[in-house]
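One structure is given here, and the rest of the page talks about it.
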Number of protein chains: 2
Amino acid sequence: VAARLAATALVTAALSGKIAAIARLLSRVEEGGPAALTALEMVYAHAGSAHVVGLTGVPGSGKSTLAAQLARQFRAAGRRVGIVAVDPTSPFSGGSILGDRIRMNELSEDPGVFIRSMATRGALGGLSRATLDAVDVLDAAGYDLVLIETVGVGQDEVDVVRAAHTTVVVSAPGLGDDIQAVKAGILEIADVHAVSKCDRSDAGRTIADLKGMLAMATAAGATSSWKVPVVPTSAANGEGVAELCETVANHLAFLQASGEIEVRQQQIARQRVLAAAENILRDRFQDDAKGAMEELVADVAARKVHPYAAARDFIGHQEM
Amino acid sequence: VAARLAATALVTAALSGKIAAIARLLSRVEEGGPAALTALEMVYAHAGSAHVVGLTGVPGSGKSTLAAQLARQFRAAGRRVGIVAVDPTSPFSGGSILGDRIRMNELSEDPGVFIRSMATRGALGGLSRATLDAVDVLDAAGYDLVLIETVGVGQDEVDVVRAAHTTVVVSAPGLGDDIQAVKAGILEIADVHAVSKCDRSDAGRTIADLKGMLAMATAAGATSSWKVPVVPTSAANGEGVAELCETVANHLAFLQASGEIEVRQQQIARQRVLAAAENILRDRFQDDAKGAMEELVADVAARKVHPYAAARDFIGHQEM
């Protein structure tokens, strides 16, 4: 009861926009435990107003710089911006080159911007869940736009981006076909393509490649009537940043006008329930290290039982 | 019963080493379904003799070329080699440059080598499960060494590598700190480090960086008495390939002599049961698209129920 009351006071302070309370709530949420869950349930009920934008691209694509520019542009339009950075190489996480970090610091001194770096996996579960919990906190605390910055590789990252209303995929010229191929999976989930470093002479090829890919996808039958745009940008001269902000806002307006926002929100809910279920299962399995599962695991190791059969058994014994 | 009989005949033929039967069994397994599961249970009981070696590294690290050289070296020692390639950019998957592909083709004409590319996610579940099922098939079919080649990013890939007896992480000079940081998670699970392209002048720095990292890890307290070696190699002049083969074989000998093989096999079994459980859950959740979960998902989308609470509910209703 005491924990619940403390959580209530903290959540109330955070929802009223108090910066210190938001920071403390985010730390509590990342630590996990029953009190965190109580807080998260309160937060979740109050969230849902923010435009959640996923920004993804491989390291070196310039997505952090673009995220900072987007944040500044939205601030100039009077909107409050939350940033959740998942990429360990992001300057938001303190992991990158000095010049970038200085620019981020300028941004972080603006009280209308809240930057949170997801350095560690939360105790309650995996990276994607901890990240989306942080997004809920910033959403409920009144940030109009919440930017999730994530490196565009791996299932966790794809899960995060799938939980955004609008997904911006950042590509850069000259990164090499190998690296581009790794992120092939993420290209398909783009609502908007941004091409960075368009002051470079080889940017035209990257833009043409993306447009070619989109034309093929459209010919194969698009599931939405939204036409995925390719926006050229340049951090060097600020080109395209205003257009990118406008495009991102247009995408939300499209979702709302077309009614596709309902479909998207159902998808996000499904995605989040599934991710949570997987995390619960993983936690229980790990907690069971000395329990009933150990015998079954020993049988699997001895090749007496197939992992699939053991897994069915494990799931079947989960009662609430 | 008919399906079970057909599966039995196919498995028997594959276990006796018939190449066509192995290929057909691998396709069946990838397709999934109840017949695949019957076959997999038979296969699993007969597997367990092969040395399973994970070879991982980012695109451009030269791991495919190294995998081919390793395979040739083990063949020269009279051992039968299976290769399961998960990387979509791997030449084993037909996705890379011509020179590499020709070298792979030479290898694939050797009846003592079986190459399988995991192009798609299996119907029974995720990539890591389908990959490990394929490893079981090659193991049971009598290949002495099964090499899993996987790109070193993402949770799926880490899961695959965690299921190997010996994990070789391939690093290349000059790939850039950003990319190296992405694979930071995988560096920790290396049993052996291979540095490729050691004919390059900047290879010394990569070797020194790895050794420095290992020294720090040792100072922090190693969990095994195995001293992780750093093996310099060069595809250009064949340097280090024999040493790498020897080191990989030494690692298995160490596991067996120290008794750590038991611990490793328990870990692998745990890992596989958990991965299977997650896949079962994911499949059931997806199958339920029009079922009982939809109401709960709608409540989550409407922010009446937290995803975590919905997930607990979903797991609690799983009975076998």
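The values are calculated or read from the model by the stated rules, or taken from the named source; none is laboratory data. Every value quoted in this text rests on a predicted model; they were computed, and no experiment measured them. So basically every Cβ, Gly included, is an ideal-geometry build from the backbone, and we count neighbours across all protein chains shown.
Annotations for the structure displayed:
- Matching helices (runs of 4 or more DSSP H) fully within region A:221-320 where at least 2 residues are of a type outside the set (Gly, Ala, Ser) and touching a Ser or Thr at 6+ places or on another chain (Cβ under 7 Å): A:241-258
- Among the residues of region A:177-186, not a single one is modelled with pLDDT of 70 or more and in contact with a helix residue (DSSP H, G or I) (Cβ under 9 Å, 6 or more places away or on another chain).
- A:Ala275 surrounded by 20 or more Cβ atoms within 10 Å (Cβ to Cβ) and not aromatic (Phe, Trp, Tyr): yes
- Wholly within region B:13-88, helices (runs of 4 or more DSSP H) carrying at least 2 residues that are within 14 Å of another protein chain (Cβ to nearest Cβ) and modelled with pLDDT of 90 or more: B:34-46
- Some residue of region A:245-264 being within 13 Å of chain B (Cβ to nearest Cβ) and not aliphatic (A, V, I, L, M): yes
Residue-by-condition table, conditions (1) among the small types (Gly, Ala, Ser); (2) out of contact with any Cys (no Cβ under 6 Å at 6 or more places or on another chain); (3) modelled with pLDDT under 90:
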| position | (1), (2), (3) |
| --- | --- |
| A:Ala222 | yes, yes, yes |
| A:Glu260 | no, yes, no |
| A:Ala269 | yes, yes, no |
| A:Asp283 | no, yes, yes |
| A:Met320 | no, yes, yes |
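- Test result for B:Ala194, within 22 Å of B:Ala77 (Cα to Cα) and under 24 Å from the mean Cα position of the chain (by Cα): yes
- Criterion: touching a Lys or Arg at 6+ places or on another chain (Cβ under 6 Å) and either without any contact (Cβ under 8 Å) to a residue 60 or more places away in the chain or within 16 Å of B:Arg284 (Cα to Cα) (or both) - qualifying residue of A:Gln271, A:Gln286: A:Gln271
- Residue match in region A:130-151 (condition: closer than 15 Å to A:Leu66 by Cβ, at pLDDT below 70 and under 12 Å from the mean Cα position of the chain (by Cα)): no
- Residue selected from region B:190-220 under the condition part of a helix (DSSP H, G or I) and among the basic types (Lys, Arg), by the criterion nearest to B:Ala71 (Cα to Cα): B:Lys211
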